[in-house]
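The values are calculated or read from the model by the stated rules, or taken from the named source; none is laboratory data. Predicted model only: the values in this text are computed from it and were never measured. All Cβ positions, glycine included, derive from the backbone under ideal geometry; neighbour counts span all protein chains shown.
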């Protein structure tokens with residue numbers, strides 16, 4: 001097979017240059033060697049990865065608009081498709097030398113997602129379309145990375161496909177072709193809500209109201225044009241969920257995590273007077289206070305503040321690679337520890353661990369013992 | 001008059017050393033020259049100031065406890081007096097060469113407080129006790145430094161005396177003598193709630209419940225002993241008020257302003273199950289959301305996020321010194337501007353200005369115009 005990189009085959013050379021400039025790093029997944037861009041470099045997004053001569057482009061960041069009406073007017077020149085935004089982690093799935101692999105946003109092969117691919121999607125699509133790169137979100141309470149998961153997923157994880165790319169072609173597969181491929185290959189896609197016009201925000205607001213009521217994170221708007229302009233916009237529900245999921249990690253996260261979300265909520269309320277402001281106030285207060293209070297109470301029993309994780313693997317080796325991955329990735333700041341791996345009756349390996357919040361734990365140790373603070 | 005510095009007269013020498021080590025700075029207030037410690041230095045608190053040979057000690061920081069029961073047990077060896085903590089700014093008032101002066105916490109002569117002293121307290125106490133240093137909080141909606149003010153002060157500012165020091169003697173005037181001096185000279189003191197025992201937190205909790213209901217910030221506990229151990233503890237009401245006063249300045253302040261207060265609230269709730277948790281959730285949500293929403297709405301009219309200030313001066317010169325002071329002090333980060341000074345019929349000079357929140361203003365300008373954010 002011929003190399004499946006950029007149209008002019010130059011991407012491989014750019015990655016060589018990135019390696020020389022320390023903007024890329026060599027990685028290994030079992031016997032497989034690859035290179036990933038640790039930073040955006042010469043037009044290639046961070047997380048772009050090279051396997052031999054095949055280059056998987058990074059998934060480009062999508063800008064958020066915080067005022068829907070002006071955001072639509074400013075950024076869209078043509079009608080756009082509206083698709084649900086799912087609160088999970090981003091992966092790119094593709095076939096390389098007969099093997100299905102899933103890359104994380106940062107360009108690591110994700111041992112968990114790669115392990116679980118047979119449960120998440122039918123591989124047949126890659127027989128028909130071997131040059132396809134499936135961009136998807138993995139979400140659910142059984143995911144090993146994120147605190148919180150979208151409502152309606154009872155356990156384990158679910159895959160939500162939201163974009164398709166092809167090796168050697170820039171950009172995304174156009175919407176019409178993409179929707180056709182979803183259908184033909186029964187890909188588990190994010191719900192799409194149709195095509196909207198940038199001059200008519202009211203119709204989109206109607207959709208958002210319904211999504212908010214269902215606790216959906218928000219929407220991604222994808223212009224139906226050659227330039228493929230995109231933007232995202234979130235619901236109040238997503239702000240509350242994000243805050244609630246991490247309020248007991250308040251001291252561990254960059255403060256912008258909270259301040260940005262509070263500002264988002266105020267901006268949404270300002271342009272959506274129909275929203276239940278009283279209800280949102282109370283939900284916001286509860287989202288901040290209840291997890292902190294639970295953490296304080298929990299500290300008395302366990303002397304730590306931590307979130308438990310539980311995720312299932314098909315293969316023991318992948319679970320072990322995953323543990324190693326957590327230690328290696330820049331995410332090592334997540335302070336995962338207490339790994340336990342057990343085989344279940346159904347043959348799956350269940351990995352449990354916890355994510356410790358060391359700063360919060362230290363503060364509570366001091367405060368609860370009566371320590372004095374000079375602040 | 002003999003120098004009124006430390007018992008052994010060594011404080012002046014320490015300040016000379018601090019000047020040499022750039023831990024002190026020479027200042028000027030009209031014709032008056034003085035030196036202030038910009039950092040704590042050799043046992044003298046930051047804000048210690050020297051006028052000729054007189055040394056006014058800085059007001060030492062008081063540690064906060066976040067768990068009342070353990071805090072009492074840990075830090076107090078003897079009964080303590082409980083006094084209300086007032087949400088204002090800290091001043092030290094004294095007489096120097098026949099002139100009454102007020103120092104800010106940082107050791108600057110505060111032109112506003114100094115100007116208004118004749119309105120705030122009777123100066124006769126300094127005739128009877130010339131070596132007295134009166135430590136007090138200035139609070140009220142007419143103060144030029146703080147956003148919020150305690151409930152019950154309708155306008156202008158009020159002085160609340162909470163400690164007395166004497167030139168040339170270390171530490172504070174003991175409680176019994178202090179209360180006697182308050183009474184003899186009718187000093188406007190913070191309310192005191194009596195003497196409590198560290199083994200009986202329940203009695204103190206009863207007081208705190210009543211203070212919380214009145215919106216009082218909290219208490220300062222002062223051990224009735226030679227070592228004068230102190231600690232402070234706040235009410236839920238104060239947390240809500242602090243957050244509400246500055247929620248629209250969320251992006252301007254160190255993030256710890258908010259995270260510390262949220263954690264305080266959770267810790268108070270944890271040890272005070274009788275508190276109305278539902279009510280606090282909603283008040284917390286409102287405290288964060290309402291000012292931000294007001295700021296967003298206000299931006300449409302004024303294209304800025306700002307708080308207005310209005311304060312009264314007896315003398316024009318002091319108002320001008322105050323404007324200069326705001327520019328000079330490390331607080332220049334407060335971005336005060338739009339100063340207007342007008343004489344009222346009652347002879348007072350009214351200074352109005354606003355404090356701009358430049359980061360929030362910039363963010364809203366971008367977000368409301370529909371700008372995209374890559375966060």
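Kindly establish whether residue A:292 is touching a helix residue (DSSP H, G or I) at 6+ places or on another chain (Cβ under 7 Å), surrounded by 13 or more Cβ atoms within 10 Å (Cβ to Cβ) and farther than 30 Å from residue B:70 by Cα.
no
For every residue, the table says whether it meets (1) modelled with pLDDT of 95 or more; (2) farther than 27 Å from residue A:249 by Cα.
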position: B:210; (1), (2): yes, yes
position: B:251; (1), (2): no, no
position: B:259; (1), (2): no, no
position: B:267; (1), (2): yes, no
position: B:286; (1), (2): yes, no
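Determine, yes or no, whether residue A:246 is buried (at least 19 other Cβ atoms within 10 Å of the Cβ), touching a helix residue (DSSP H, G or I) at 6+ places or on another chain (Cβ under 9 Å), in contact (Cβ under 8 Å) with a residue 12 or more places away in the chain and facing chain B (nearest Cβ under 7 Å).
no
With respect to residue B:154, is the statement that it is in contact with a helix residue (DSSP H, G or I) (Cβ under 6 Å, 6 or more places away or on another chain) and closer than 30 Å to residue B:276 by Cα true?
no
I'm told residue B:216 meets every condition in (1) modelled with pLDDT of 95 or more; (2) more than 11 Å from chain A (Cβ to nearest Cβ); (3) in a helix (DSSP H, G or I) except one. Can you identify the failing condition by its number?
So residue B:216 meets the others, but not (3).
Does region B:61-75 hold any residues that are touching a helix residue (DSSP H, G or I) at 6+ places or on another chain (Cβ under 6 Å) and surrounded by fewer than 20 Cβ atoms within 10 Å (Cβ to Cβ), and which are they?
The one that is touching a helix residue (DSSP H, G or I) at 6+ places or on another chain (Cβ under 6 Å) and surrounded by fewer than 20 Cβ atoms within 10 Å (Cβ to Cβ): B:69.
Based on this model, can you work out whether residue A:158 counts as over 25 Å from residue A:213 (Cβ atoms) and buried (at least 21 other Cβ atoms within 10 Å of the Cβ)?
no
May I ask you to say which residue of A:18, A:78 is assigned to a helix (DSSP H, G or I) and either within 30 Å of residue A:215 (Cβ to Cβ) or out of contact with any helix residue (DSSP H, G or I) (no Cβ under 7 Å at 6 or more places or on another chain) (or both)?
A:18
Exactly one condition in (1) within 14 Å of another protein chain (Cβ to nearest Cβ); (2) more than 26 Å from residue B:300 (Cβ to Cβ) is not met by residue A:241; state its number.
(1)
It is to be established whether one or more residues within region B:47-56 are outside the structural domain of residue B:102 (by TED's automatic domain parsing), under 18 Å from the mean Cα position of the chain (by Cα), modelled with pLDDT of 95 or more and not in a strand (DSSP E or B).
So far as region B:47-56 goes, yes, one or more of its residues are outside the structural domain of residue B:102 (by TED's automatic domain parsing), under 18 Å from the mean Cα position of the chain (by Cα), modelled with pLDDT of 95 or more and not in a strand (DSSP E or B).
Somewhere in region A:302-321, is a residue in a helix (DSSP H, G or I) and under 24 Å from residue A:251 (Cβ atoms)?
Yes.
Considering only region A:249-263, state which residues are outside any helix (DSSP H, G or I), facing another protein chain (nearest Cβ under 9 Å) and surrounded by fewer than 21 Cβ atoms within 10 Å (Cβ to Cβ).
Listed by number, the residues that qualify are A:254, A:255.
What's the number of the only condition in (1) in contact with a helix residue (DSSP H, G or I) (Cβ under 7 Å, 6 or more places away or on another chain); (2) surrounded by fewer than 22 Cβ atoms within 10 Å (Cβ to Cβ); (3) at the interface with chain B (Cβ under 10 Å from one of its Cβ atoms) that residue A:266 fails to meet?
Result: residue A:266 passes all but (2).
Give me the residue from region A:222-236 that is buried (at least 21 other Cβ atoms within 10 Å of the Cβ) and more than 17 Å from the chain's Cα centre (by Cα) and, out of that set, nearest to the other protein chains (Cβ to nearest Cβ).
Among residues in region A:222-236 that are buried (at least 21 other Cβ atoms within 10 Å of the Cβ) and more than 17 Å from the chain's Cα centre (by Cα), the one nearest to the other protein chains (Cβ to nearest Cβ) is A:236.
How many residues does region B:355-375 contain that are more than 7 Å from every other protein chain (Cβ to nearest Cβ) and assigned to a loop (DSSP other than H, G, I, E, B)?
2
Condition check: in a loop (DSSP other than H, G, I, E, B), touching a residue at least 40 places away in the same chain (Cβ under 8 Å), within 14 Å of another protein chain (Cβ to nearest Cβ) and over 20 Å from the mean Cα position of the chain (by Cα). Does residue B:198 satisfy that?
So residue B:198 passes the test.
As an exercise: evaluate residue B:297 against (1) closer than 17 Å to residue B:366 by Cα; (2) under 24 Å from the mean Cα position of the chain (by Cα); (3) facing another protein chain (nearest Cβ under 7 Å); (4) surrounded by fewer than 21 Cβ atoms within 10 Å (Cβ to Cβ) and give the number of the one condition it does not meet.
Answer for residue B:297: the failing condition is (2).
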